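The values are calculated or read from the model by the stated rules, or taken from the named source; none is laboratory data. Worth saying up front: this structure is predicted, and the values here are computed from it rather than measured. Cβ: placed from backbone, ideal geometry, glycine included. Neighbour counts: every protein chain shown.
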Amino acid sequence: MTISWKIDEEMGVYPEDLLGNISLHDSMGRRLEESATFLDTFFLALATGLSVASDGGWSSVDIFDEPDPLQFSRNSERITIKYKDASVEFEYRTVVSELIQSYRSLLQYLC
């Protein structure tokens, strides 16, 4: 499971305007991705969805400035994340750890 991102540096990099691409890849080779999105709000929606998804339930989280929400479905120790026509599935602890590492790398990039 990986979360990867790339900031669009064409017009310069500004912490208040983190436009870029983000993708999530699962171990089955499935990919969920969005381009030209605000990375900070996408990360926030991911973190919110992971925190509110209860075992056996599902939740939907809006992404600021995007028309489609992220949808989360959790069953025991696995979580499925859906966005538009794509879905990926992860072990819950793994995706939480990967989200933290990816966000830290974004913050380090900005410093």
Exercise for the section: Please determine, by comparing only the residues of the stretch 34-55 that are among the β-branched types (Val, Ile, Thr) and surrounded by fewer than 17 Cβ atoms within 10 Å (Cβ to Cβ), which one is modelled with the lowest pLDDT. Expected result: 52
Practice task
Specify the residue that is surrounded by the fewest Cβ atoms within 10 Å (Cβ to Cβ); the eligible residues are those in the stretch 11-29 that are of a type outside the set (A, V, I, L, M, F, W, C) and in contact with a Leu (Cβ under 9 Å, 6 or more places away or on another chain).
Solution key: 15
Practice task
Report yes if some residue within the stretch 59-79 is surrounded by 19 or more Cβ atoms within 10 Å (Cβ to Cβ) and either among the charged types (D, E, K, R) or at positive phi (or both); otherwise report no.
Solution key: yes
Handout entry: Tabulated pairs, the stretch 56-80, first at pLDDT 95 or above and of a type in the set (D, E, K, R), second buried (at least 16 other Cβ atoms within 10 Å of the Cβ) and in a loop (DSSP other than H, G, I, E, B), C-beta under 7 angstrom, 6+ apart or interchain
Key = 62/69
Practice task
Name the one entry in 83, 92 that is modelled with pLDDT under 95, surrounded by 15 or more Cβ atoms within 10 Å (Cβ to Cβ) and within 14 Å of the chain's Cα centre (by Cα).
Solution key: 92
